[in-house]
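In what follows, a single structure is set out as structure tokens and then discussed.
The values are calculated or read from the model by the stated rules, or taken from the named source; none is laboratory data. Small disclaimer: the values here were computed from a predicted structure and weren't measured. Don't worry about glycine lacking a Cβ; one is built from the backbone with ideal geometry, like all the others, and counts go over all protein chains shown.
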């Protein structure tokens with residue numbers, strides 16, 4: 001069998017479409033940096049979405065459960081091997097994403113004879129100071145984005161952009177943890193709104209259908225939170241505990257949730 | 001990326017020299033070993049009313065020399081587990097680092113905490129795997145593991161022999177060069193005063209400091225507290241805590257009122 005450059009291009013295109021189609025309806029993950037640490041915010045139906053990777057690293061993703069699990073395990077393996085053989089201080093999101101995961105994903109994506117990863121992951125690292133916090137949003141093609149105050153991964157790059165715009169405009173208004181979670185939820189709802197517009201019945205075009213446009217972010221959040229569960233992972237900057245990570249309890253989330261009932 | 005024993009950190013790192021049960025072919029030389037291998041000396045663990053208290057002197061020796069007089073011999077393995085180390089310092093610290101990683105690795109990979117039993121068995125495995133090296137006369141270490149068990153709501157203490165056998169004690173454990181000299185004294189305290197598990201933190205701390213003082217008197221390698229305050233940490237239902245240095249200084253001064261211990265020398 002011969003394989004021409006044209007075939008390769010075509011294969012890449014098909015793979016992108018396949019992956020994006022699979023991820024479109026998924027639940028986004030939003031990251032926000034706060035004085036007390038970094039937050040990852042998402043809403044899930046069944047499976048948990050936010051995980052601890054290492055002492056200063058947490059992770060949330062969108063995609064196939066098995067691909068997410070593979071990435072999570074690879075990240076944990078690298079971090080612990082490196083942290084033990086060198087030092088926990090040498091385990092950074094930059095190294096993990098930039099030199100370990102990104103090339104591996106790119107390789108799988110570019111090879112038409114292996115299954116690509118249906119995956120977009122958000123890695124959050126807490127620094128000694130808030131200015132040292134960082135987020136790495138890693139895509140299915142191995143490309144990644146690095147941000148410091150907030151970041152997102154969602155089902156499409158258009159949704160990412162709307163979410164990032166919202167975060168950019170409002171990030172200076174957050175004063176405490178509940179307001180940060182609320183902003184995270186609004187960004188999440190914005191991403192979900194995009195996903196809903198895109199997943200339209202056949203033969204209908206979003207731009208022409210006014211009925212769908214009526215739904216607001218708040219309505220979407222009310223609906224999604226009635227069926228799903230808000231999940232917020234906090235990686236604390238300063239804590240006497242051995243593990244800096246914890247998922248916030250329902251009691252801690254209650255003040256935010258009450259606003260959407 | 002498949003992991004046959006999922007969550008097993010030793011497998012992930014492909015074994016640690018001297019920690020994977022492999023026999024090295026280095027020649028046995030007891031004389032050289034004692035000079036190379038820095039040793040921690042006496043550590044004590046007792047149960048008290050609300051949990052477990054660990055006390056240790058700060059001396060680390062190599063052969064006849066004092067290598068370091070501010071050694072940390074009581075270390076946290078996780079939020080509810082302390083390890084008090086005696087014997088080879090290099091090996092003990094490496095194994096503490098290994099255990100901390102192994103526990104966290106398991107929790108993060110498997111999304112559940114390793115059981116207390118699993119953790120104390122992992123310590124056994126580390127000691128057992130270290131046996132070939134210990135038999136060559138270098139790197140032997142004996143730890144005491146203390147934990148707060150949330151299921152039974154009480155402190156628990158485990159001690160080990162050189163092959164990794166694990167024993168659980170109801171009252172106390174001691175390890176290190178000075179420990180044999182004071183073992184009988186623990187029983188004397190329990191029989192004539194009261195069991196440690198009925199003591200308050202302050203009472204238990206006082207007994208431990210006296211025991212450490214006796215160990216320092218009878219064992220040349222044990223530092224006592226004439227220069228540097230001992231290390232004292234505890235675990236109760238809220239987790240690990242450091243014993244207040246001022247409280248310890250006060251007790252030390254009362255135990256040995258003729259000397260201004262801890263007062264003339266600012267203690268870190």
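Tabulated data for the structure shown
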read-out: Enumeration of residues in region B:67-82 that are without any contact (Cβ under 8 Å) to a residue 40 or more places away in the chain, more than 14 Å from chain A (Cβ to nearest Cβ) and either in a strand (DSSP E or B) or within 11 Å of the chain's Cα centre (by Cα) (or both); value: B:67, B:68
read-out: Wholly within region A:148-261, helices (runs of 4 or more DSSP H) carrying at least 2 residues that are at pLDDT 90 or above and more than 18 Å from residue A:24 (Cα to Cα); value: A:157-170, A:177-198, A:217-227, A:250-257
read-out: Any chance residue B:108 is within 11 Å of chain A (Cβ to nearest Cβ), touching a strand residue (DSSP E or B) at 6+ places or on another chain (Cβ under 7 Å), over 19 Å from residue B:163 (Cβ atoms) and not in a strand (DSSP E or B); value: yes
read-out: Strands (runs of 3 or more DSSP E) enclosed by region A:1-94 - at least 2 residues per element that are at negative phi and within 14 Å of chain B (Cβ to nearest Cβ); value: A:50-54, A:57-63
read-out: Matching entry among B:85, B:95 (being more than 14 Å from every other protein chain (Cβ to nearest Cβ) and either modelled with pLDDT of 95 or more or buried (at least 22 other Cβ atoms within 10 Å of the Cβ) (or both)); value: B:85
read-out: Test: residue in region B:39-52 that is on the phi > 0 side of the Ramachandran plot, in contact (Cβ under 8 Å) with a residue 12 or more places away in the chain, surrounded by fewer than 24 Cβ atoms within 10 Å (Cβ to Cβ) and not in a strand (DSSP E or B); value: no
read-out: Condition check for residue B:173: surrounded by 17 or more Cβ atoms within 10 Å (Cβ to Cβ), more than 30 Å from residue A:247 (Cα to Cα), within 14 Å of chain A (Cβ to nearest Cβ) and touching a helix residue (DSSP H, G or I) at 6+ places or on another chain (Cβ under 9 Å); value: no
